[in-house]
1. What number goes with the only condition from (1) part of a helix (DSSP H, G or I); (2) under 19 Å from GLY69 (Cα atoms); (3) not β-branched (Val, Ile, Thr) that LYS124 does not pass?
2. Could you list, in sequence order, all residues of region 91-101 that are assigned to a helix (DSSP H, G or I) and either at positive phi or surrounded by fewer than 19 Cβ atoms within 10 Å (Cβ to Cβ) (or both)?
3. Residues in region 45-62: is at least one modelled with pLDDT of 95 or more, assigned to a loop (DSSP other than H, G, I, E, B) and buried (at least 16 other Cβ atoms within 10 Å of the Cβ)?
4. Just the residues that are assigned to a helix (DSSP H, G or I) and crowded, with 17+ Cβ neighbours inside 10 Å, please, taken from region 63-82.
5. Could you grab me the full set of residues in region 131-167 that are of a type in the set (Gly, Ala, Ser), within 14 Å of ALA60 (Cβ to Cβ) and modelled with pLDDT of 90 or more?
6. So which pairs qualify, if the first residue must be in region 102-130 and on the phi > 0 side of the Ramachandran plot and at pLDDT below 90, the second must be hydrophobic (A, V, I, L, M, F, W, C) and in a helix (DSSP H, G or I), the Cβ gap must be under 7 Å, and the two must be at least 6 apart or on different chains?
7. Give me the residue from region 10-44 that is touching a residue at least 24 places away in the same chain (Cβ under 8 Å) and over 27 Å from VAL103 (Cβ atoms) and, out of that set, surrounded by the most Cβ atoms within 10 Å (Cβ to Cβ).
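The values are calculated or read from the model by the stated rules, or taken from the named source; none is laboratory data. Note that the structure is predicted; figures quoted are calculated from it, not measured. A quick note on method: Cβ atoms are made from the backbone with ideal geometry, for glycine too, and the neighbour counts reach across all protein chains shown.
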Amino acid sequence: MTALAAGIMALVGVAGVLATLFALPGLWLIVAAGAAVDLWRPDTYALSTLLIAAGLAVLAEVLELVAAGAGAKQAGGGKRAAVGAIAGAIVGAILGTPILPIVGTILGGAVGAGVGAVLLEGTKPGRSWADLGRVGRGAATGRLLATLIKAGFAVAVAVLLTVAAVV
């Protein structure tokens with residue numbers, strides 16, 4: 001039964017990482033599967049292991065949420081650029097997914113973050129096109145890094161829960 005629990009976690013882990021790349025809650029799928037396995041086999045995980053997995057998922061969500069806005073702000077944008085980057089990333093990821101799964105989601109989110117930051121930052125008087133381009137690139141880069149970082153967190157949580165199911 002231990003091998004079955006680890007196998008389930010490994011399969012859910014792969015599915016969760018792929019879902020994370022699609023901008024879906026794959027990381028939470030992995031955490032929920034770990035909790036379900038522990039309900040099925042109560043001796044599978046220590047409570048601290050599940051809390052660490054959930055804590056990593058929360059941290060990844062926070063990082064993803066603020067990364068595009070932080071990238072825009074670091075490039076000289078203001079609060080408008082940060083809000084535009086976050087909204088644009090969501091819209092871009094949704095629109096990019098049907099065009100080219102996974103890659104379209106990632107690139108759509110990055111392009112959307114850049115466009116959203118430029119659109120809202122462009123409403124501020126006195127912003128040059130060079131300024132707006134820099135802000136848009138910062139937002140797009142932040143979003144792209146956020147997606148990759150969150151996928152890395154999903155891999156880490158999947159490995160943690162798969163290995164812990166065996167140990």
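1. Failed condition: (1).
2. Residues satisfying the conditions are VAL91, ILE94, LEU95, PRO98, ILE99.
3. Yes, some residue in region 45-62 is modelled with pLDDT of 95 or more, assigned to a loop (DSSP other than H, G, I, E, B) and buried (at least 16 other Cβ atoms within 10 Å of the Cβ).
4. Within region 63-82, GLU64, ALA67, ALA68, GLY69, ALA70, GLY71, ALA72, LYS73, ARG80, ALA81, ALA82 meet the criteria.
5. ALA151, GLY152, ALA154, ALA156, ALA158 - these are the residues of region 131-167 that are of a type in the set (Gly, Ala, Ser), within 14 Å of ALA60 (Cβ to Cβ) and modelled with pLDDT of 90 or more.
6. Close Cβ pairs (under 7 Å, with a partner that is hydrophobic (A, V, I, L, M, F, W, C) and in a helix (DSSP H, G or I)) amount to ILE102/LEU21.
7. GLY34
This table checks each residue for (1) charged (D, E, K, R); (2) part of a helix (DSSP H, G or I); (3) at pLDDT below 95.
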position	(1), (2), (3)
ALA6	no, yes, yes
LEU11	no, yes, no
VAL31	no, yes, no
GLY34	no, yes, no
VAL37	no, yes, no
PRO42	no, no, yes
